[in-house]
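Worksheet: the structure to be examined is printed underneath.
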Amino acid sequence: MPSDGSYHCTYTATWVATKLRWDLAADETERQALLGLAEDCPATTVTYKPAT
């Protein structure tokens, strides 16, 4: 995670968008970590374009 806490939600959304765009798997540990981070970011929306 970036040291600047104000960037955590953006960083998390970008991480998730990248996983979704490229159809990358997440193991259970990563999934739980991302869900925990998402709880702190209720106003953040993840947007992505699927890779073609």
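The numbers here are math on the coordinates, done by the rules we state, and not lab data. Nothing here was measured: the structure is a model prediction, and the numbers come from that model. Here the Cβ is made from the backbone with ideal geometry for all residues, glycine too, and neighbour counts use every protein chain on show.
Structure notes:
- Folded to 0 to 90 degrees: helix 8-21 orientation relative to the chain principal axis, Cα: 10 degrees
- Rounded FRET efficiency, nearest 0.05, which uses the C-beta distance separating Ser6 from Glu28 and R0 of 25 Å: 0.30
- 15 Å cut-off, amide nitrogen to a point 7 angstrom out along Thr14 Cα→Cβ, residues in the stretch 23-49: 45-48
- The radius of gyration of the Cα set in the chain, together with its Dmax, comes out at 11.2, 33 angstrom.
- Between 0 and 90 degrees, the angle of helix 28-39 with respect to the longest Cα principal axis of the chain falls at about 50 degrees.
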